Every structure is written in C-alpha cells, then in structure tokens.
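Peer 1: Sharing a structure here in structure tokens format.
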Amino acid sequence: MAIRTVNPSGMARTADASQPDAPGRTGFSALLQLLPYARPYILHFLAVLALVLVFNTSAVLQPYLVKVSIDSHIARGDAAGLRWLAAAYVGVVLVGGVANYLQMIVLQKAGQSVIRQIRADLFRHVESQSMAFFDHNAIGRLVTNVSSDTETVSQFFTQFFLSLVRDGLSVVMIVVAMFELDARIALECLVIVPVIFAISAFFRVRLRRAYQETRTRLSNIVAFLAENLAGIRIIQLFNQEARQARRFGELNESHRQANIRAYGISVLFNRSLEVLGNLAVAAMVLIGGRAVLHHAILFGTLYAFISYIRQFFQPINTITQQWNNLQSSMVAAERIGRVFQVEPQIQDPPDPLPPGIVASVRGRVEFDHVTFGYQPGQPVLRDITFTVEPGEFIGFVGATGAGKTSVMSLLARFYEPDEGVIRLDGWDIRQFRQADLHRLIGLVQQDVHLFTGTVLDNIRLFRDDIPESAVRRAAEVVGAAEVIERLPQGYQTRLYAKGANLSTGERQLISFARIVALNPRVLILDEATANLDSQTELWVQRGLRAVARNRTTLVIAHRLSTVREADRIIVLDRGRIAESGTHAQLLAQGGLYAELHRRSGVEVAGDTV
Ligand SMILES: Nc1ncnc2c1ncn2[C@@H]1O[C@H](COP(=O)(O)OP(=O)(O)OP(=O)(O)O)[C@@H](O)[C@H]1O
Ligand SMILES: [Mg+2]
C-alpha cells in the first residue's frame, strides 16, 4: 500500500529525498498521508475508543462514589450501605484497570502493525530505486528513514492518538461531572483554564525548539559516528584518533547541553502546572469550604471537587507533552513522505518480453549511439556504438574516469542513456523486466560485496532454490573450491560483514562462483584496481577463464595482461571509443592502446610483449 504521488517535475536525475525543500507534504498533512495505513485496523481503534470510555468512566466514578459515601452514608451512620459502596468502588477500580490494560495492548498491536507495514513499504520502495537515487541520498539518512523515522511516527499511532482520545475525553467528563455536582462552583473552577492555556502556549514554543535542537544534535552525533566507523582504518592509519575524539567530544557536549536545556524547560513547565494545580486546590478549599460552612454544598461534594481539580490537571499535562510527540511525528512523516514521493526512475515496461524470449537470449550486446551523463548537460559517454556477438570475450581499457564503469552501469540498466539504445539479442533492454535483465546480465564489481552469512549463502545469495551441490560445482569451476575447503568450516564458514575475514583474492573467487551459480548470458567484470600477488592473480585469471566460457564476457581491465587474449579490445578515451581491435592489431596501430601498453610495460616489469 505504498503511497505514490507523481513527481511533478518528472526529473529523475534529481532524485534527492534529503533536500528539505524537496516537494512534499508538510506538517500535519504529511501525517494524514500515512493515515490510510491505519484503515485495516479500524476495528482495533474503535475497540480502543470503547475501552477508553470504560476507563474514563471508572476514573470519574471513583471520587463520586467517595462523595456518596461521605454525604449519604458516613454522615448518616449507615454502615451497611457503606459496605456496598466499598464493594462497588473496588469493582469500578478493577474494571478500570482491566480496560486500561486492554486499551494499551490493543492500541500497541494496531500501532505496531501500522508501522511494520509502513517500514516494509518504505524498504521495498527504496530497494526499487535506481542507482541515481543512491548517488543522491546518503545511505545513513535512508537508514534513519526506515528505522527511526518510522519509529517516531509510531508515536502518533500509539501515544498521540491514545492521549487525544483518553485525555481529551477525561477533561470533558471531569468538567461535566463538576457541573453535575454544582454548576456555580464548577464555573468558578473554569477560571483556571485560560491560565493553563497561557502557560502551555508560553512553554510549548520553547519546548519545541529545545527538542528540535536535541534531535538535530543527536543526528549530528549519529552521522559523525557512521562516517568515522566506516573510515576507521584511514583514521587509525593517519593517526587521527585523538583529533576525531576531540571533535566527537564537542558534538557530545553540545548534545548534553541541549538535552539539559530541554529537560530544564520541561521540568519547569510540569512544575508550573503542578503548582497551579495545588493553588487551585487551595482556592477550592477556600471557596468550597465556605460553601460547606454556609450549607450550600455537602462536605462530600467538596471532597469530590478537590479530587476532580487534581484529576483535571493530569490529562492536560499529558496532552501538552504529547504535543511534542506530534511535532516530531510530523517531521518524521515529512521525511518518510519525501522518500515515498520519489518514483523509481527505472520502471518495468507494462508489457515485458515473455519468458520464452527471455530464455532464448544468447547474449548479443549492442550499443547504438549511446550518450549519457550523470548530470544533465555533462555527458561522460558520447556516441558509444559497438556490437558484441554471443560468446565473445571483449576487453575495455582506458584511463581512469574514461567511462568504462559507466558503460557497464548502462548495460545493467542502473541508469538510462540520454540518447541512443542498448539492445540485448536485438531487444531494447527497456523491454525486459528488470528481474529478467539482471538474471541475464551478471556483474562482478570492482569491490566485491559480501554479506554477513555463510560462504554458501554468499555464493547462492540466499536463494535456497540453488542446491548446495550446484554451489560446490560452481566453486570448482572457478577454482574457488580448494580455497573454500581450507576455511575453518568450509562452505559453512561464517563471513564477517563485507567479508572482512577473507583476502581480496578469496573474495574475488567467491564472487566468480556466485556468477557461475547465477549462470548469466552476459558477464560483466569490473576488474579490481588493487594489485594482486602473483599467486592470487593466477587464481583470478583461471577463475575468469572458467566463468567466461560459454557466455558473452565484457571485462574492464586495469592490467592489460587480463585482456591480451580477448577477441576484441575497446579503448575508451574521455567518454568516446578511441579505437578497437585485437591486442596485436592495436599494438600495430601504434595509437592509445600501444601507448598504454608501453607505459604498463615500464611500470609492471615483465608484462611487455
Ligand atoms: N555516480 C556518479 N555520479 C556522477 N558522476 C559520476 C558517477 N560515477 C562516475 N562519474 C563520473 O563519470 C566519469 C566516468 O566514470 P567511470 O566510473 O565510468 O570511469 P572508469 O573508466 O570506470 O574509471 P576507473 O578506471 O577509475 O574505474 C568520471 O568523470 C566520473 O567522475
Ligand atoms: Mg571504473
């Protein structure tokens, strides 16, 4: 039930949900936008309403029963009636307690279910975004959106809703009860209402600002922490620990100060209300006491009034506190709304190619006058045209920033070209469902990403439909089997986050096995720039040859030795194809490739022809 509003600008490239001025609903309407999520739980919310009514009635009945005891029984020495009243009082307290318990449980159940759904939709929505979205939205912020913003919004569905209903209702019920008892005294009591409003208004503004400040400072700490832990190696290598610790200390201190300030304001606010409440009690003793002396009211009525005045302040206090929850829920809902608002730039076609055609794809890749830039008007690829026949092994070389990775990102449809068409077996790649395309085109990237889990899980990427035997075969094909079997628990060895307990070569081999298990028609390999030792390089070379067998293979090579045997080598230069041909042809041409080759020969001794 994701909320989809059409991005009015239609500009996919500025898919930035982090900008505060990004279009989106603000304030209360941002929260209302999430309200449809509550619809399946409407019965729960109605039940809560009924339970609140029971609970509030019990709360209002209690002082009344005491009043009746005093005025009608104690004053008249009626012991038997008193016993009945005591029993009724116990009954009312018990019913109220049970109702209160149930109302909380039912509400939590509904509220947490709502949040689970919002979170699930948000995750799916983020998952379906194109790479441009992730270029523009810091991962840390998206993590906050999915984890803590949803948590904050849940306060709206649980606490705020409950407070509004329960406390709002109890204020009304208390006022009604007071008017029932004695309209004149009740009217006099209402004098304090404007005072309460004035105090609340005064503090509300200050409290909101103070809370906002603490939240901002806390998110500064979180951002700092995330960045520093991600870059901990660099920090240690460059001996920046002390400096970073000092900066962290400053952020930490500023958060402490903001918190103390917010706490101070909130305590002052609560105490002011409390003092006001006690003053009201004193005034009641004076006014009501006089009325009792003049026999205008009974003593029990005075008792009830004093109780009600005390009870009156509690819901008001809670509602004002909930005001802050409402504020932060609105901010969080705005942030969530902004993420929901970004339409996935790359959508599946309405009538994708049928499975029969997908299954028959042999792996012919065609770039037809493709031009592309990450920013509008700044092309990084210009007029790229080439064709690769099924089963060919093609090398891509070129200086850093020439656009090699960009070519592959377009083929995997992480981005859309600005001009031109990319075809697979003659079909425009936009005609495939993305899931099909990504099964046909496998990508091994510069930095292998491994997940927390076993080696087995990582090779089959948690797809249990691939049997372990197939995984083992895949590992054998690429020569990863012997490496994996040397690990402490073989295929069941648990990898740390990002595969930190493996070497670069081992990670690379596992990623090859992953590709063989996936068995794509087209394989893209973005070779690691890191220098591998000769043993590892040998493994990787062998693995690569095994993976390339029987499929179209496009290899971005940083070491020219990787592609010397290629059917063809395409040389990119500043976003254009400068030359193409076999190793021998290109050397004979004496152009850019020959130049690259000459230089790599100087740098890597022994790699000259
Ligand atoms: N996500 C991105 N957003 C904006 N610009 C990008 C992005 N990725 C790459 N670029 C720019 O596009 C150009 C081509 O980058 P690309 O990654 O394709 O180069 P490359 O040939 O793969 O380089 P290398 O050999 O260093 O991997 C570079 O100028 C780079 O700055
Ligand atoms: Mg690259």
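Peer 1: Out of the residues in the stretch 563-592 meeting the condition of being part of a loop (DSSP other than H, G, I, E, B) and more than 24 Å from residue 546 (Cα to Cα), tell me which one is most open to solvent (accessible area, probe 1.4 Å).
Peer 2: That would be 574.
Peer 1: Out of the stretch 410-441, which residues are among the charged types (D, E, K, R) and under 29 Å from the mean Cα position of the chain (by Cα)?
Peer 2: Narrowing the stretch 410-441 to residues among the charged types (D, E, K, R): 413, 416, 418-419, 423, 425, 428, 430, 433, 436, 439.
Matches in the stretch 410-441: 413, 416, 430, 433, 436, 439.
Peer 1: Can you run down the residue pairs with Cβ atoms below 8 Å, 6 or more apart or on separate chains, where the first is in the stretch 265-289 and assigned by TED's automatic domain parsing to the domain that holds residue 207 and the partner is outside any helix (DSSP H, G or I)?
Peer 2: 288/297
Peer 1: Would you mind finding the one in 187, 169, 162 that is open to solvent by less than 20 Å² (accessible area, probe 1.4 Å), hydrophobic (A, V, I, L, M, F, W, C), in a helix (DSSP H, G or I) and away from ligand 1 (no atom under 16 Å from the Cβ)?
Peer 2: Working: 187 fails: open to solvent by less than 20 Å² (accessible area, probe 1.4 Å); 169 fails: open to solvent by less than 20 Å² (accessible area, probe 1.4 Å).
When all the criteria are applied, what remains is 162.
Peer 1: Sticking with this structure for a sec: May I ask you to list the residues in the stretch 593-609 that are modelled with pLDDT of 85 or more and open to solvent by 50 Å² or more (accessible area, probe 1.4 Å)? Before the answer, list the steps.
Peer 2: Looking only at the stretch 593-609, we keep the residues that are modelled with pLDDT of 85 or more, and these are 593-598.
Within the stretch 593-609, 595, 598 qualify.
Peer 1: Taking the options 397, 407, 380, name whichever one is surrounded by 16 or more Cβ atoms within 10 Å (Cβ to Cβ) and under 12 Å from residue 524 (Cβ atoms). Steps first, please.
Peer 2: Details: 397 fails: under 12 Å from residue 524 (Cβ atoms); 380 fails: under 12 Å from residue 524 (Cβ atoms).
The match here is 407.
Peer 1: For a quick check of your reading: which strands (runs of 3 or more DSSP E) sit entirely within the stretch 324-439 and have at least 3 residues that are within 16 Å of ligand 2 (Cβ to nearest atom) and within 26 Å of residue 571 (Cβ to Cβ)?
Peer 2: On the way: elements: 365-372, 381-388, 393-398, 419-424.
Strands (runs of 3 or more DSSP E) meeting the threshold: 393-398.
Peer 1: When the residues of the stretch 304-315 are narrowed to those that are open to solvent by 30 Å² or more (accessible area, probe 1.4 Å) and touching a Gly at 6+ places or on another chain (Cβ under 9 Å), which ends up nearest to residue 283 (Cα to Cα)? Lay out the reasoning, then the answer.
Peer 2: Going residue by residue through the stretch 304-315, those that are open to solvent by 30 Å² or more (accessible area, probe 1.4 Å) are 306, 310-311, 314.
Within this subset, residues satisfying the condition of being touching a Gly at 6+ places or on another chain (Cβ under 9 Å) are 306, 310, 314.
Details: 306: 10, 310: 12, 314: 18 Å.
Looking at the filtered set, the residue picked out is 306.
Peer 1: Look at the stretch 291-339 and say how many of its residues are closer than 30 Å to residue 122 by Cβ and more than 45 Å from the chain's Cα centre (by Cα).
Peer 2: Going residue by residue through the stretch 291-339, those that are closer than 30 Å to residue 122 by Cβ are 318-319, 321-339.
Narrowing the set further to residues that are more than 45 Å from the chain's Cα centre (by Cα) leaves none.
So the answer is 0.
Peer 1: If you don't mind, another one. Looking at the stretch 243-252 only, could you name the residues that are farther than 16 Å from residue 219 by Cβ and not polar (S, T, N, Q)?
Peer 2: Step one: list which residues in the stretch 243-252 are farther than 16 Å from residue 219 by Cβ, which gives 243-246, 249.
Within the stretch 243-252, 243, 245, 246, 249 qualify.
Peer 1: Sticking with this one: I'd like the full set of residues that are assigned to a loop (DSSP other than H, G, I, E, B) and surrounded by 19 or more Cβ atoms within 10 Å (Cβ to Cβ), limited to the stretch 471-487. Working first, answer last.
Peer 2: Let us first name the residues in the stretch 471-487 that are assigned to a loop (DSSP other than H, G, I, E, B), namely 478-480, 487.
Those that are assigned to a loop (DSSP other than H, G, I, E, B) and surrounded by 19 or more Cβ atoms within 10 Å (Cβ to Cβ): 478, 479, 480.
Peer 1: Need pairs with beta-carbon distance below 7 Å; first residue of a type in the set (Ser, Thr, Tyr) and within the stretch 414-434, second outside any helix (DSSP H, G or I); sequence gap 6+ or separate chains.
Peer 2: Close Cβ pairs (under 7 Å, with a partner that is outside any helix (DSSP H, G or I)) amount to 415/130; 415/372.
Peer 1: Follow-up. Just to be sure before I move on: is residue 372 surrounded by 21 or more Cβ atoms within 10 Å (Cβ to Cβ) and touching a Phe, Trp or Tyr at 6+ places or on another chain (Cβ under 8 Å) in the structure I sent? Before the answer, list the steps.
Peer 2: Working: surrounded by 21 or more Cβ atoms within 10 Å (Cβ to Cβ): yes; touching a Phe, Trp or Tyr at 6+ places or on another chain (Cβ under 8 Å): yes.
Considered against the rule, which asks whether it is surrounded by 21 or more Cβ atoms within 10 Å (Cβ to Cβ) and touching a Phe, Trp or Tyr at 6+ places or on another chain (Cβ under 8 Å), residue 372 comes out as yes.
Peer 1: OK, next. Write out, first by first residue and then by second, each pair whose Cβ atoms fall under 9 Å of each other, whose residues are 6+ apart or on separate chains, and whose first residue, in the stretch 533-559, is open to solvent by 20 Å² or more (accessible area, probe 1.4 Å) while the second is within 16 Å of ligand 2 (Cβ to nearest atom) and of a type in the set (Lys, Arg).
Peer 2: Partner pairs satisfying both residue conditions: 537/559.
Peer 1: Taking the conditions exactly as written (open to solvent by less than 10 Å² (accessible area, probe 1.4 Å) and closer than 25 Å to residue 497 by Cα), does residue 444 satisfy them or not?
Peer 2: On the way: open to solvent by less than 10 Å² (accessible area, probe 1.4 Å): yes; closer than 25 Å to residue 497 by Cα: yes.
For residue 444, the condition - open to solvent by less than 10 Å² (accessible area, probe 1.4 Å) and closer than 25 Å to residue 497 by Cα - is met.
Peer 1: Just to be sure, is residue 133 touching a residue at least 24 places away in the same chain (Cβ under 8 Å), away from ligand 2 (no atom under 16 Å from the Cβ) and either among the hydrophobic types (A, V, I, L, M, F, W, C) or out of contact with any helix residue (DSSP H, G or I) (no Cβ under 8 Å at 6 or more places or on another chain) (or both)?
Peer 2: yes
Peer 1: If you don't mind, another one. Return the total of residues in the stretch 308-359 being charged (D, E, K, R) and within 30 Å of residue 182 (Cβ to Cβ). Lay out the reasoning, then the answer.
Peer 2: We begin by selecting, within the stretch 308-359, every residue charged (D, E, K, R); these are 310, 334-335, 338, 343, 348, 351.
With within 30 Å of residue 182 (Cβ to Cβ) added as a condition, the list becomes 310.
Number satisfying all stated conditions: 1.
Peer 1: If you go through the stretch 82-93 one residue at a time, do you hit one that is modelled with pLDDT under 95, at negative phi, β-branched (Val, Ile, Thr) and open to solvent by less than 30 Å² (accessible area, probe 1.4 Å)?
Peer 2: No; the residues of the stretch 82-93 include none that is modelled with pLDDT under 95, at negative phi, β-branched (Val, Ile, Thr) and open to solvent by less than 30 Å² (accessible area, probe 1.4 Å).
Rundown of residues vs (1) within 25 Å of residue 348 (Cβ to Cβ); (2) within 16 Å of ligand 1 (Cβ to nearest atom), yes/no style:
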| site | (1), (2) |
| --- | --- |
| 411 | yes, yes |
| 424 | yes, no |
| 430 | yes, no |
| 476 | no, no |
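Peer 1: Please state which one of 120, 80, 110, 87 is part of a helix (DSSP H, G or I) and within 22 Å of residue 298 (Cα to Cα). Working first, answer last.
Peer 2: Numbers: 120 fails: within 22 Å of residue 298 (Cα to Cα); 110 fails: within 22 Å of residue 298 (Cα to Cα); 87 fails: within 22 Å of residue 298 (Cα to Cα).
Residue meeting the stated conditions: 80.
Peer 1: Run residue 198 past the list (1) surrounded by 19 or more Cβ atoms within 10 Å (Cβ to Cβ); (2) closer than 14 Å to residue 320 by Cα; (3) not β-branched (Val, Ile, Thr) and report the number of the one that doesn't hold.
Peer 2: That leaves (1) as the condition not met.
Peer 1: Here's a follow-up. Being more than 27 Å from residue 178 (Cβ to Cβ) and among the small types (Gly, Ala, Ser), is that true of even one residue in the stretch 65-72?
Peer 2: Going residue by residue through the stretch 65-72, those that are more than 27 Å from residue 178 (Cβ to Cβ) are none.
The answer is no; no qualifying residue exists.
Peer 1: Of all residues in the stretch 544-562, which are of a type in the set (Lys, Arg) and not in a helix (DSSP H, G or I)? Working first, answer last.
Peer 2: We begin by selecting, within the stretch 544-562, every residue of a type in the set (Lys, Arg); these are 545, 549, 551, 559.
Correct list: 549, 551, 559.
The values are calculated or read from the model by the stated rules, or taken from the named source; none is laboratory data. Since this is a predicted model, take the numbers as computed values, not measurements. In this analysis, Cβ positions are derived from the backbone assuming ideal geometry, glycine residues included, and neighbour counts consider all displayed protein chains. Ligands, DNA and RNA are stripped out before the accessible areas are found, and what is left, the full protein with its side chains, is counted by its heavy atoms. Shrake-Rupley method; radii C 1.70, N 1.55, O 1.52, S 1.80 Å.
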